[in-house]
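Structure first, commentary second.
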Amino acid sequence: MEILSKCHRTCNNMDKFSSLPDHIVHKITSYLSLKDISRLSVVSRRCRQVCISSPFLVFDLIPYSNNQPKRVRLINYIDRLLFLRNGKNIEWCYISWCMQSSLVNEEEYRILSWLHNAVACNAKMLNLQLNLRRESYFALPTSLLSSTSLTALEVNLHNGAILKIPSSSTAITSLKYLTLNSLRIDKSFGDWVLSCCKSLMVLSLVKIDGTKSINITSSSLKALMVVCPRNLFNLQVCAETLESMILHWTFSNPDNRVLQLSAPKLGTFVWNGKISEVQLEANFMCLNFAGILVTPSSSTDQNLVHLLRALRKVRDLHISYNCLQESDCGRSMLCSESENIPFMHNLRFVRIELALRRWNVLELIKYLLKNTKNLQKMTIICDPLSFSDVRREISGYEKASSEAEVEFYSL
């Protein structure tokens, strides 16, 4: 009898999992695959309840794309899991799916029903990774766009399929973070953001196609990121609360592009792309940080000066080596034109990267050292072959600020 009692106590001590609080167990199970979750749910009543009530749901069926029997079993398991939740709140739901052409209608219906159930469970964050054919489309359900709990939504259609947003969708007042990736939209997207996304704070558009013009108007947006848009010619942004913008705009077609930016509170602006082909209409009155990483062309210097003139109060300036190209004529143009750059007295920190010992880059560095009276620190990063020459030429150069510190680093 005593031996049985000791064995019972030993077994109880070994079952640490059952004694853990729910929030810790849920965190552990969030790292398990869907297959492992389905197995865990049949271990015990406690495990079953943990799997059903977990606020972190990961439905990744990509590994089973070529295994139809297992795929069907897992789909049915997801249906039962969401049904048994009985409205328990969802913090985060991740759905990764590769549509099979033979079952596309049935599987799309399943996904839409899962999204509807997620909304019914007050889901806060949704991440949809759907691998669709480019000629197909995916329509966001109206129930999702009328959610009062959803704060973050990410949609990635991978192959550039069309994302359809119902024209009759009501305002989604809780949505604060929206990311769209590798999909096509139309011109009405901007109207939807303006009329329905009243609380949107962060918008990320990555590899967006389908429209030559994007117009984003918002009274709540604080951060905007536009990365590698396809066939975009006109980008208009009007956001009175915008504080940060990252633009990665590269293209091979030489046709003119236009960036119209009205953001009076913009404090951080990073531009990576071909500046020579973009017509800039902007006023950076409150800008504190500017990062310029621009693809070189024959007219890069002139366009860079035009951009620098718009930076009136910038205190921290980063310039990549890609944006300054050696030219035979007008080598000192950049520095002579810089005399009209209005932010010189505000500039505190400068970071310049150069891959080669280019004459006009060195002249710009010298000019900034000589004329920036409040400069506190300049960081120069160059390639190993030019490192010694650049350091020797710059180290003893005249500085307007006696407190200015110059640091050199090798790429």
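With 10 angstrom as the radius, rank CYS382, CYS286 by how many other C-beta atoms surround their C-beta, starting from the fewest. Walk me through the intermediate numbers first.
Values: CYS382 26, CYS286 14.
Lowest to highest Cβ neighbour count: CYS286, CYS382.
Would you tally the net charge around LEU203, using a Cβ to Cβ cut-off of less than 12 Å, leaving LEU203 out, and scoring K and R as +1, D and E as -1? So the environment of LEU203 carries a net charge of +1.
The HN-Hα couplings worked out from phi for segment 383-398 by the Karplus form 6.51 cos²θ - 1.76 cosθ + 1.60 (θ = phi - 60°) are 6, x, 5, 9, 4, 5, 5, 5, 5, 5, 6, 8, 4, x, 7, 4 Hz, whole numbers, x standing for Gly and Pro. At an R0 of 35 angstrom, the distance between the Cβ atoms of GLU407 and ASN283 translates into a FRET efficiency of 0.60. On full extension, the segment bounded by THR151 and TYR177 gains 8.7 nm, given 0.36 nm per residue less the C-alpha separation. With K and R counted +1 and D and E -1, the other residues having a Cβ less than 11 Å from that of ARG230 yield a net charge of +2.
Taking amide H as placed 1.01 Å from N in the peptide plane, the amide H of VAL258 sits under 5 Å from that of ASN234, LEU235, GLN279, each at least 5 places away or on another chain.
With 10 angstrom as the radius, rank LEU232, LEU411 by how many other C-beta atoms surround their C-beta, starting from the fewest.
So the ranking, lowest neighbour count to highest, is LEU411, LEU232.
For a label point 7 angstrom out from the Cα of VAL202 toward its Cβ, which stretches of segment 131-169 have the backbone nitrogen within less than 11 Å? It comes to 152-153, nothing else.
Put simply, the amide H of THR179, placed in the peptide plane, has neighbours under 5 Å in LEU153, GLU154, VAL155, SER204, leaving out anything fewer than 5 places away on its chain. Peptides 202-213, 67-78 ranked from most to least packed give 202-213, 67-78, packing being the mean of other C-beta atoms within 10 angstrom over each peptide's residues.
Only lysine pairs 8 or more places apart, or on different chains, with alpha-carbon atoms under 22 angstrom apart are counted in segment 57-211, and they number 13.
In a shell of Cβ-Cβ distance under 9 Å around GLY160, excluding GLY160 itself, what net charge do Lys and Arg (+1) and Asp and Glu (-1) give? Counting the neighbours of GLY160, the net charge comes to +3.
Shown here: segment 343-410, whose C-alpha atoms stretch 33, 18, 16 Å along the first, second and third principal axes, sorted largest to smallest.
No value in this document is a laboratory result; all are computed from the given coordinates. Small disclaimer: the values here were computed from a predicted structure and weren't measured. Here Cβ is always computed from backbone atoms with ideal geometry, including for glycine, and neighbour counts include all displayed protein chains.
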